[in-house]
Amino acid sequence: MGGALAGRVVLVTGSSRGIGAEVAAKAAAEGAAVAVHYHRSLEGAQATLARVRAARAEGEAFAADLGDGTQASGLVERVIERFGRVDGLVNNAGQTQVGPFLALGPEEWDAVLRTDLTAAYHTCRAALPSMVEQGSGSIVNIASRLGQVGIAETAAYSAAKAGLIGLTRSLAREFGPLGVRVNAVAPGFTVTEMTADLADTEEGRRRLRDMPLGRFGRADEVADAVIFLLSDASALFLGQTLNPNAGGYMP
Ligand code: NAP
């Protein structure tokens, strides 16, 4: 395939499956060395790594629980130690949360916020000094349509994803002048393990009715938007949120 990311090192959090795995495989196909990250799915990470290597790209798998700030920043430090640099950081790992707000206890709230928002605070803080030093870098935060429209019974998840969009815009303004671009991607309903249980329910059918395209997205289609933001083809994009959502939200 192409060489849009030739010579670059890209870290994709949560690339043991789903959208992250597709981003990792496509980044490798575009010539990047890829740091594959996983939490529990070692087998998934190994499968992604096999795809990276099949594209004749360099790669390595790293484990970390991103709900733990020390592990999140440590992950980036380990990647820089191993590859000497990090040019692309994709904050993709996340956990979903569905349920009535009044049943959402403080522990669950904290766990979702830690994984879906605070982890990006830690990884960005760990990656930015070296990106600033080299005068280049691209950070892509994977938000969600739910962070834009805020549907019922997803309060912690929607709040975390809306927070990621705010983080994206603020960092874009602060680090744009230093050569680092920060953007977000807000997918709509995409068929992965995260949504497998929901797709064939009344709620899944309701969400589908919101999508003028009439079908759910695929992980590889979302990954294309991420690869664009990692590459120089998006040189003029800063603080933007791209919306591969089958028309489910039109800002
Ligand atoms: P997925 O298939 O459920 O995969 C989630 C990934 O995140 C896995 O690699 C998992 O690692 C990792 N992860 C979860 N909790 C973690 C933790 N505490 N520490 C480190 N890693 C952790 O998800 P997906 O559907 O591909 O979604 C990817 C991103 O897109 C998420 O941020 C999600 O919120 C967002 N998104 C998804 C959709 C959708 O419809 N699927 C829509 C909008 C936005 P292990 O498997 O190794 O544990």
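The values are calculated or read from the model by the stated rules, or taken from the named source; none is laboratory data. A quick note: this is a predicted structure, and the numbers were derived from the prediction, not measured. With ideal geometry, Cβ positions are generated from the backbone for all residues, glycine too; neighbour counts draw on all protein chains shown. Remember, those area values only see protein heavy atoms, side chains included, never the ligands or the DNA or RNA. Shrake-Rupley method; radii C 1.70, N 1.55, O 1.52, S 1.80 Å.
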**Message:** On the basis of being away from the ligand (no atom under 12 Å from the Cβ), out of contact with any helix residue (DSSP H, G or I) (no Cβ under 7 Å at 6 or more places or on another chain), assigned to a helix (DSSP H, G or I) and open to solvent by 30 Å² or more (accessible area, probe 1.4 Å), does E108 make the cut?
**Reply:** no
**Asked** Residue check: is A28 out of contact with any Phe, Trp or Tyr (no Cβ under 8 Å at 6 or more places or on another chain), hydrophobic (A, V, I, L, M, F, W, C) and within 13 Å of the ligand (Cβ to nearest atom)?
**Response** no
**Item:** Residues of segment 30-60 satisfying the condition of being assigned to a loop (DSSP other than H, G, I, E, B) and either open to solvent by 60 Å² or more (accessible area, probe 1.4 Å) or of a type in the set (A, V, I, L, M, F, W, C) (or both)
**Value:** A32, H39, R40, A55, R56, A57, E58
**Prompt:** Are there any pairs, at least 6 apart or on different chains, whose C-beta atoms fall under 8 Å, with the first in segment 140-154 and free of Cβ contacts under 8 Å to residues at least 40 places away in the same chain and under 18 Å from L171 (Cβ atoms) and the second open to solvent by 30 Å² or more (accessible area, probe 1.4 Å) and away from the ligand (no atom under 11 Å from the Cβ), and if so, which?
**Reply:** G147/A159; G147/A162
**Subset of segment 111-120 [of a type in the set (S, T, N, Q) and either in contact with an Asp or Glu (Cβ under 8 Å, 6 or more places away or on another chain) or surrounded by fewer than 21 Cβ atoms within 10 Å (Cβ to Cβ) (or both)]** = T118
**The listed residue being aliphatic (A, V, I, L, M), crowded, with 21+ Cβ neighbours inside 10 Å and out of contact with any strand residue (DSSP E or B) (no Cβ under 7 Å at 6 or more places or on another chain), out of L146, L89** = L146
**Item:** All positions within segment 205-234 that are over 24 Å from A32 (Cβ atoms) and surrounded by 17 or more Cβ atoms within 10 Å (Cβ to Cβ)
**Value:** R207, L208, M211, F216
**Candidates T123, T96 - the one that is open to solvent by 30 Å² or more (accessible area, probe 1.4 Å), in contact with a helix residue (DSSP H, G or I) (Cβ under 7 Å, 6 or more places away or on another chain) and either polar (S, T, N, Q) or within 15 Å of V9 (Cα to Cα) (or both)** = T96
